[in-house]
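Participant: Before I ask anything, here is the structure I am working with.
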Amino acid sequence: EVSPEHVMEIYLVREVLEGAASRLAARHVTHLEAARLEKLLEGMQDAAARDDTPAMEALNRRFHSLIYRAAQNRLIERILGGLWDDLGRFGVTTFAFPGRKREALAEHRAITDAIVGGRDDEAERLARAHLAAGREVRRFCLRYRENTLRVRQEKTSRPASSSRSCWAMTIPLPS
């Protein structure tokens, strides 16, 4: 299992590399890639409307992967793909957090508009902000999960398992 510290490291590295990928994509995106980004956004909107978190998660990965390909940098594409695989082993998605689907869609829309419009500085800034927002949601959920497991362990005097169960609970929104 991936540790919470490793998850935070992944987000920090992704923030830098996704910013660079979005900058490069804004310089190199083709008409076909732009159309595919739009189609993926439509699919994510539909998935969010149905509250279909697994579909949203799958489309999200395809969306980001397409940006990596549009960047025309195989090393960035390979490194980021590996980081997604590492994060996938953690077994939970930030889309399960209340309101995150809606926020991510708005962030994806802005990133897409900047890439398609060839605004490389803006694309990089927006992509980095998108990853920073996801990192903060993930950080909150990790703390919540750790606290929940600690309380369970104290109540039962048994070691707590690190299951995905924190996502099934009602998570209070940060103030």
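The values are calculated or read from the model by the stated rules, or taken from the named source; none is laboratory data. Source: prediction; values computed, not measured. Using ideal geometry, Cβ is built from the backbone for each residue, glycine included, and neighbour counts are taken over all protein chains shown. What goes into the accessible areas is simple: the full protein's heavy atoms, side chains included, and nothing from ligands, DNA or RNA. Shrake-Rupley method; radii C 1.70, N 1.55, O 1.52, S 1.80 Å.
Participant: Among the candidates G117, G81, single out the residue that is over 11 Å from the mean Cα position of the chain (by Cα) and open to solvent by less than 40 Å² (accessible area, probe 1.4 Å).
Facilitator: On inspection, the qualifying residue turns out to be G81.
Participant: Also: Are there any pairs with C-beta distances below 6 angstrom linking a residue in the stretch 102-127 that is in contact (Cβ under 8 Å) with a residue 60 or more places away in the chain to a residue that is part of a helix (DSSP H, G or I) and open to solvent by 30 Å² or more (accessible area, probe 1.4 Å), with the two at least 6 apart or on different chains, and if so which?
Facilitator: Going by the 6 Å Cβ cut-off, the qualifying pairs are I111/L126; A114/E122; A114/L126; D120/R23; D120/R27; A123/R23; E124/R23; L126/A110.
Participant: Of these, E15, E57, E42, which one is among the acidic types (D, E), surrounded by fewer than 17 Cβ atoms within 10 Å (Cβ to Cβ) and in a helix (DSSP H, G or I)?
Facilitator: After ruling out the rest, the residue left standing is E42.
Participant: Something else now. Among the residues of the stretch 45-54, how many are over 18 Å from E107 (Cα atoms) and either open to solvent by less than 20 Å² (accessible area, probe 1.4 Å) or in a helix (DSSP H, G or I) (or both)?
Facilitator: 1
Participant: If you don't mind, another one. Of the numbered conditions (1) of a type in the set (K, R); (2) modelled with pLDDT under 85; (3) closer than 30 Å to L66 by Cβ, R152 satisfies every one except a single condition; which is it?
Facilitator: Of everything listed in (1) of a type in the set (K, R); (2) modelled with pLDDT under 85; (3) closer than 30 Å to L66 by Cβ, R152 misses just condition (3).
Participant: I'd like the full set of residues that are surrounded by 13 or more Cβ atoms within 10 Å (Cβ to Cβ) and either among the hydrophobic types (A, V, I, L, M, F, W, C) or not in a helix (DSSP H, G or I) (or both), limited to the stretch 60-78.
Facilitator: F63, L66, I67, A70, A71, Q72, N73, I76
Participant: Considering only the stretch 87-103, state which residues are in a helix (DSSP H, G or I), over 18 Å from M44 (Cα atoms) and either of a type in the set (F, W, Y) or open to solvent by less than 50 Å² (accessible area, probe 1.4 Å) (or both).
Facilitator: L87
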